[in-house]
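Here is the structure we will look at, set down as structure tokens.
Every read-out reported here was derived from the displayed coordinates using simple, explicitly stated rules and does not represent laboratory data. Remember, predicted model here, so these are calculated numbers, not experimental data. Methodologically, a virtual Cβ is constructed for each residue, glycine included, from the backbone with ideal geometry; neighbour enumeration extends over all protein chains shown.
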Amino acid sequence: MNDPFSIAGTALSSRLFVGTAGYPNQQVMLDALSASGAELVTVSIRRISLESYAGSMVDLLGDRCRILPNTAGCVTARDALLTAELAREALDTNWIKLELIGDRDTLYPDVEQLVEAAAELVRKGFTVLPYCNEDPVTCRKLADVGCAAVMPLGSLIGSGMGIANPSGIELLCARSPVPVVLDAGVGTASDAALAMELGCEAVLVNTAIAKARDPRKMAAAMRAAVEAGRLARLAGRIPKRAFAEPSSPRLGLVGA
Amino acid sequence: MMRLKVNGLDEETGASTLRELLLARGIDPGVRFLAVAVNGAVVRRAEWAQIPLSPGDEVEIVRPVQGG
């Protein structure tokens, strides 16, 4: 399906973004990334081990992916800003998935700091994709300060609970001036399809693939689901009805 | 010798630049995807051999790892 879309003027070939954490091993990760068809893949930035430095996993990804570094785990704007600057230096990209965590148990975003940090990163020339609440006001503020997209959570990170507030995501997609990328909570392929049906431009999946019994198969399933959901969105779903509507003709029924 | 904080840990070092600090740690300063900050500011790779370290400097040495 030729259905290109772009973020910050950069055309992306796949509407499925994939994370690189938590796979059984590196080969499974590489196979899953390949099966997913994802062009954009996320990484985090961490201190090197001073005892045993053994290169970076980004070497393995080669040139087939565009890397989206994140600020996962940061709880202060200061740490998130420094992590973003370090990511830009390490990876030679000004794209950053901005995560600013306000609560360690739920990993909910700290909205107040998030908007401020996003504005600062935009001023510093970053292309900012913030992980955020599925709240139209927060998302509008993030777009207003110059974020290239918004990445609302479907449900809690790593929970696999799917999209907890589908009508909220649909409303957000209808009103957002920037692309909406569903982030977090996807548990299986139908969740990704639903995100696309609701109007998301793309979906980011990590745990649902990495921790599936067969990550390679789940990656392929997510790819198909995102394409199916996008096609359904373009095709336009029928309205829901309270009562049955026969699909076969009423006329010419035998015995009538 | 001077005392630095490297990736959150106190360290005595004879290194006088970031490049020397990396080499002393067995890290090739030419390896890809490495980034360094001193006292909260990124130091570009081209400056690793030039900017002197000072006692008490807080050095962060990072690289990309798996993430979501």
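Listed values, structure above:
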quantity: Given charges at Cβ of Lys, Arg, Asp, Glu: the protein assembly as shown dipole, positive-most of A:M29, A:C173, A:G255; calculated: A:G255
quantity: Residue order, fewest to most beta carbons within 10 Å, for A:F17, A:F5; calculated: A:F5, A:F17
quantity: Point-charge dipole on Cβ atoms (K/R +1, D/E -1) for the protein assembly as shown, about Cα centre, debye to 20; calculated: 1000
quantity: Anisotropy class of the stretch B:2-62 from Cα gyration tensor, a/c 1.5 cut; calculated: rounded
quantity: Most positive-pole-ward Cα, B:T17, B:S54, B:V42, against dipole of the stretch B:2-62 from beta carbon charges; calculated: B:V42
quantity: Dipole of chain A, positive direction: furthest Cα of A:V128, A:I238, A:I101, with charges on the beta-carbon; calculated: A:I238
quantity: Sorted by Cβ neighbour density within 10 Å, fewest at the top, the residues A:M218, A:M57, A:M196; calculated: A:M57, A:M218, A:M196
quantity: Per-selection Rg to Rh, the protein assembly as shown - Cα, Kirkwood hydrodynamic radius; calculated: 1.08
quantity: B:Q50-A:N165 pseudo-label distance in nm [points 7 Å out on the Cα-to-Cβ vector]; calculated: 5.0
quantity: Relative contact order computed over chain A (Cα-Cα under 8 Å; 6+ residues apart), in percent; calculated: 18
quantity: Longest site-free stretch - chain A; sites: trypsin sites (Lys or Arg not before Pro), DSSP loop, at most 14 other Cβ within 10 Å; calculated: A:125-212
